[in-house]
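A quick write-up on the structure given underneath.
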Amino acid sequence: MARASPSQRGTSASGTTGARKGQPPRTRPSATRARDGAHPFAPKVGEPGRRQTLLSVASLLLLGVFVARLVDVQLVNAAPLAEEALAQRLVTVEVTPPRGDIVDRNGVVLATSVERYDVAVDQVTLAKWQRTDDGTVVAEGPFDAAQILAPILGLNESELAADLVGDKTFQYLAKNVTAEQLELVRAERIHGITWDAVSERLYPNGDIAGNVIGFMAEDGESTDAVGMAGVELLYEDELTGTAGSQTYEKSRYGTMIPTGLHSETPAVDGWTVMLTLDRDIQYFTEQALEKALAKYGARAGSIVVMDSRTGEILALADSGSVDPRDPGATPANQRGSRAVSTVFEPGSTAKTITMAAALEEGIATPTSEFVAPYEYETPYRTFRDSHPHPDQKLTLAGILVNSSNTGTIQVGQQMSDETRYKYMRAFGLGEPTNMGLPDESSGILHPYEDWDGITRYATMYGQGVAVTGVQTVQVYGVIANEGLRISPTIVKGFEAADGTVTARENAEPVRVVSEDTAKAIMGMLVEVTEDGTAPQARIDGYLVAGKTGTAQAPDENGELTKLVTSFVGIAPADDPRIVVSVVLYDPTSSIWGGTTAAPVFKDVATFALQTLRVPPTKGEVTRYPTTWE
């Protein structure tokens, strides 16, 4: 029998390889798997160990990724990541210091600030809020929050609920909430409800001295309210203080983490501004002014009461004064002080300057003799007295007491324009007093080189020049202070939070005329109230010196059409303590200061003297004859 060839060796007729008798033939793996579509290295159904090995390897690889990330977070980049997380939790807020108080000379509070709170909501956070009790939800979301908060905040529940619903992260709910209300809000621990401390300005005495105090910004949306008039405006920096800051960690609900990082830069409280005003004298003066307007039919008016020894303003009253609590109720052009910003011709009250200049220059004495006609001719104009009269034989004192225009011109024309201008400036005309209020007018005093022929003579008796009420008391303060000009002031000083007091810097006293001249003028002014044009200014028990005035003030177009009556007085004349200026605009009952302004002076000066406990007149004042034969 022939041997099989190599190609046929080990192959049966059926195509199997290496088949032994009694055993199934072996097939080629590649051929079988290729035919079945399976991967040649895929685990067999009957090999679970191999699958477990592969899963273990995959799990170890995933765990390795996590471990690597953990090592990176915990070791490699731990510090930078911690700093980044802390930065996200840290919040820095400005700490606004309390605004300083404004007080009168006796420490009575005229303006103060109290802490209030603006409550707001994060609507997104509130929508997720729940309150549970033993695992049971008892309140949740904006509608339950509205039911809880409405009674506390004094709001309508439905309207509050509308403000709580939405997708805003910040929405105001209530402003100027009290500390007591805030405590109740905080106790509810409603997530998403936040608050900020704010300051509310209060004026305990209402509208008293509103023209001096001023008021704060009206913008209710502003968190940085600022002074808008008066002392509140002029001393904004002193009242505001210096802001501080607070840095803390906040929770996801926006609240401070008690055990978290916390640092603070303390704020410096604003200073207390101490005014020279006396609250009681101020109140009485304001009431007296309102009564005078009604009695004499005047359109407006102002009164200034000054301590003649120090220049401190004890009262500064303006009709229609602004109420700091409701500034919008007063027209914008009337919210300041008329006594410092409105000018008028002083009229006869300025004749005192002409007389003092004549005495100081040695041109005349109190008893120098003049003949004062009703009309007096000059190259430029014929000047007249207030009413017809025959020629009068008047002394220098008599000219002032009778308020003679023609006599005053005869005195004034003996001095050069330059000399008279020098004295008018020395008495304080033509420049602000810098008393301590904004918008103070300088008045009107043109250089003597610009005077025309009429102005040259008119300035001798108080026309062709304009002053304020405060400038008027300054002029008569020179006479009360024996020839020294002491600048008026409305601010006494400033008190820091630690009690340190800093006095306001004022101008040094200036010598205007000699003591002898001032005393002579004082004696002449006493005759005005005793036997002259202002008997209604007399005060029982006190000797009063003063002068009436009737002139004009410019209207809105600058035309001199408004009538102004005035009286300026000093009391007691023997030992001066106060100077009081009363100015009334457009009185309808009379055009004379002696019958309108003088009685008001009497009422105000009497109250001021009593309040200051000034003893009655004890000394004497040299008085002079007013006529000659």
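Quick notes on this structure:
- Projected label distance in nm at Ile591 and Leu261, using a 7 Å step from Cα toward the beta-carbon: 8.0
- Efficiency of FRET between Lys168 and Ala294 - r from beta-carbon atoms, R0 41 angstrom, step 0.05: 0.15
- Counting every other Cβ atom within 10 Å of each residue's Cβ, Val528, Val614, Val67 order from fewest to most as Val67, Val614, Val528.
- For the peptides 373-383, 581-591, 107-117, the ranking by mean Cβ contacts within 10 Å, running from highest to lowest, is 581-591, 107-117, 373-383.
- Here the dipole of the range 86-194 is about 360 debye; that uses its Cα centre as origin and unit charges on the Cβ of Lys and Arg (positive) and Asp and Glu (negative).
- When each of Lys393/Lys519; Lys492/Lys618; Lys175/Lys291 is checked by Cα-Cα distance, pairs over 32 Å: Lys175/Lys291
- Extension gain from Ala507 to Val91, taking 0.36 nm per residue of separation minus the Cα-Cα distance: 144.9 nm
- Straightening the chain between Arg325 and Lys618 buys 100.9 nm, computed as 0.36 nm per residue apart minus the Cα-Cα spacing.
- Cα-centred dipole magnitude for the chain, charges only on beta-carbon of K, R (+1) and D, E (-1), debye, nearest 20: 5420
- Extent of the range 420-554 along its three principal axes (Cα atoms, max minus min coordinate, largest first): 57, 45, 30 Å.
- The label point for Trp628 and the one for Val67, both projected 7 Å from the Cα toward the Cβ, are 12.4 nm apart.
- Inverse mean reciprocal Cα-Cα distance (Kirkwood Rh) of the range 95-275, Å: 18.5
- Distance from the range 106-126 to the range 354-421 (C-alpha centre basis), Å: 64
- Of the peptides 47-56, 189-198, 360-369, the ranking by mean beta-carbon count within 10 Å, highest at the top, reads 189-198, 360-369, 47-56.
- Residue among Gln552, Val501, Thr529 farthest towards the positive dipole end of the chain, charges placed on Cβ: Val501
- Over the chain, the hull volume per residue, using the convex hull of the C-alpha atoms, is 303 Å³.
- Each of Ser404, Leu289, Gly107 was placed along the dipole of the chain (beta-carbon charges, centred on the mean Cα), and the one lying farthest toward the positive end is Gly107.
- For the range 293-396, the calculated P(r), taken from all Cα-Cα distances in 5 Å bins from zero up to the bin holding the longest distance, is 2, 8, 10, 14, 16, 10, 11, 12, 8, 4, 3, 1 percent.
- Taken about its Cα centre, the range 95-275 carries a charge dipole of about 340 debye when Lys and Arg each add +1 at the Cβ and Asp and Glu each add -1 at the Cβ.
- Between Gly166, Val93, Val465, the Cα set farthest toward the positive side of the dipole of the chain (charges on each charged residue's Cβ, about the Cα centre) is that of Gly166.
Rule-based calculations on the coordinates, nothing more; no lab input. Nothing here was measured: the structure is a model prediction, and the numbers come from that model. Reconstructed Cβ throughout: ideal geometry from the backbone, glycine too, with neighbour counts over all protein chains shown.
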